[in-house]
Amino acid sequence: MAAQGGPTPPGDSAELLVAKADGVLNVTFNRPEARNAMTWAMYEGLYDACEQADNDPDVNVMVLRGSGAKSFVAGTDIGQFTAFSSGADGIAYEAHITKIVNRLEGVNIPTLAVIRGYCVGGGLAIAAACDLRIADDTAQFGVPIARTLGNCLSANTLSLLVHHIGPARTLDLLLRADFLTASAAHAAGFLAEVTTPPELDERVTATVVRLLAHAPLTMWASKELLRRMRRRLMVDDDDVVSAVFGSDDFAAAVRAFGDKTSHTWKGK
């Protein structure tokens, strides 16, 4: 699903800030009042930022972070699901998310996610599509949709999580709708490093300096071959996505979220 009015060029939306400095393209998800939940325009802006990263010869590292201290990205803005009326809408949505996530994973230069606070749902997919992740010890990682919206992840997003943390831990996140702490995510291999909040920026800078000094083709080859390996495991998922996004449960959960009321799962 494209953003209303077409793609948003990098840097043109206050909700997504894109700035280049000293060989680094900095992308900031800038909706702190909504825990940086993604709008359609923000997704399109992220895609365009990836294009900029690959087409600007002066950019050698891409860094993604959330605005404020409470969240990296807390998923897709749930208010945008109110227009969904069928499973076909879910298929189109997940196909669009796959397009964005795969574009980020395919960026030729090293990508680094800097994580404070919540990294949830679509935010977890964005972080998983990056090459490296550094977090402070306030970070929490999860996909609590089994107790919130009752939707599902695409096969592509599931594949990214399994690729990084394995099938058992991925199912645990989804079935128990629980969160991984920063220390648990580090132990699982998802995070390259965990720091205290005051030290986070210093550790990010040190990592960026190291990446800027390394052989670009070696880093690209490592990224590209791992990406090809992951995508060989993809399976068709349209029937599953359509059944879940077209369900009464999903429609009721979206309405309940907007109305701030409770609902009961029916399994249909």
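Derivation of every value follows stated rules applied to the coordinates shown; laboratory data play no part. Keep in mind that what you see is a predicted model, and the values were worked out from it rather than measured. With ideal geometry, Cβ positions are generated from the backbone for all residues, glycine too; neighbour counts draw on all protein chains shown.
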Residue among 91, 219, 241 farthest towards the positive dipole end of the chain, charges placed on Cβ:
241
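Restricting to DSSP H runs of at least four residues, report the calculated mean residue ellipticity at 222 nm for the chain, -39500 (n - 2.57) per run over all residues, nearest 500 deg cm²/dmol. Spell out each step's value before the answer.
Details: 10 runs with 119 residues, N = 268.
Only helices count here, giving -14000 deg cm²/dmol.
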GNM on the chain, C-alpha springs below 10 Å: top fluctuator among 258, 45, 122?
258
Percent antiparallel among DSSP beta bridges (both partners in region 1-134, rounded to 5)
30
Could you give the C-alpha radius of gyration of region 21-162 expressed as a fraction of 2.2 N^0.38 Å, taking N as the number of residues it contains?
1.01
For the chain, set up a Gaussian network in which alpha carbons nearer than 10 Å are linked by springs, and say which option among 226, 158, 132 fluctuates the most.
226
Using only Cα atoms and rounding to the nearest 10 degrees, what angle (0 to 90) does helix 200-213 make with the longest principal axis of the chain?
60
Cα→Cβ-extended label distance, 7 Å offset, between residue 202 and residue 146, nm:
4.0
Are there trypsin sites (Lys or Arg not before Pro) in region 157-259 that DSSP marks as loop and that have at most 13 other Cβ atoms within 10 Å, and which are they?
176, 232
Over the chain, what is the percentage of antiparallel beta bridges among all DSSP beta bridges, to the nearest 5?
30
Residues meeting the amide H criterion for residue 71 (H placed from the backbone, H to H distance under 5 Å, 5 or more places apart or on another chain) are 118
Quick calc of log₁₀ I(q)/I(0), region 203-251, Debye, one scatterer on every Cα, no solvent, q values 0.22, 0.32 1/Å, result -0.84, -1.02
